[in-house]
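Here the structure comes first, spelled out in structure tokens, and everything after it is commentary.
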Amino acid sequence: MTDPTPIARIKVVLDDVAPTVMRRLEIPLSIRLDRLHTVLQEAMGWTDTHLYEFRIKGIGFGIPDPDWGYGGGPLDARKTTLLDVIEDTGAKSFKYLYDFGDGWEHSVKIERTAPAADGILYPRLIEASGRCPPEDVGGPWGYQEAREALADPSHERHEEIAEWWGADPLDLDTIDIPAIEAEIVKLARRWNRKPRTKK
């Protein structure tokens, strides 16, 4: 089953990280922002263990915190769609922040919109480059330091980082695109199921 609504092709780039970590996806414009968060988690390779927020024209969308009180904190991402936000704000690009402590900021650009193609399940991965950093490495600065330590066996933190990360310096930039695609296909199948009918 395909989504009858138009789709958006988006480009997502993890800011302040080298080498570049980029994903290009096609998603239904009707997607709720909490589901877009889930798609971005799978596409980037994050573990969805931290808070997030979309920042669109100065408005935050995420998980509301009752402790903020009325008017504070983000709007509920479960209650709006990408199409609603685009129509309300006119935004063609926005920010996605994941893990407020490490501060992983992503630039999301809507490259184009088009009708959904027959026989295609959305969301879907179109292109991917660059391996996502590990969680809790300390944000872009900590990630750069960890990469330098891994690449240099004489670095004072080489053994510590290698044991913590478990990465081979030769595999730092290798990504498993089929695994990412498979996870996004699982989401598409789950979200595009026809409801069961009573007999």
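Read the figures in this text as sums done on the coordinates, not as results from a lab. Not measured: the values here are computed from a predicted model. Neighbour counts are summed over all protein chains in view; Cβ atoms, including those assigned to glycine, are modelled from backbone coordinates with ideal geometry.
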Just from its helices, what would the mean residue ellipticity at 222 nm be for the chain, if runs of 4 or more DSSP H residues each count -39500 (n - 2.57) and the sum is divided by every residue, rounded to the nearest 500 deg cm²/dmol?
-8500 deg cm²/dmol
Given unit charges at Cβ for Lys, Arg (+) and Asp, Glu (-), the dipole magnitude of region 29-166 about its Cα centre in debye, nearest 20, is 860 debye
Among Asp102, Asp34, Asp88, the residue with the largest mean-square fluctuation in a Gaussian network model of the chain built from Cα contacts under 10 Å is Asp88
Of the listed values (i) 32; (ii) 35; (iii) 20, identify the label whose number matches percent of Cα pairs over 27 Å apart calculated from this model.
(ii)
Given R₀ = 25 Å, what would the calculated FRET efficiency be for Ala182 paired with Ile63, taking r from the Cβ atoms and rounding to 0.05?
0.40
Residue order, fewest to most surrounding Cβ atoms within 10 angstrom, among Glu181, Glu160
Glu160, Glu181
Return, ordered by residue number, the residues of region 125-160 whose backbone nitrogen is under 15 Å from a label point located 7 Å along Cα→Cβ of Thr49.
133-139
Mean Cβ-within-10 Å packing, highest first, puts peptides 122-132, 22-32 in the order 22-32, 122-132
Extreme residue, positive dipole direction of region 72-199, given options Gly130, Ala116, Phe94 (C-beta unit charges)
Ala116
What percent do you get for the relative contact order of the chain when only Cα pairs under 8 Å and 6+ apart count?
28 percent
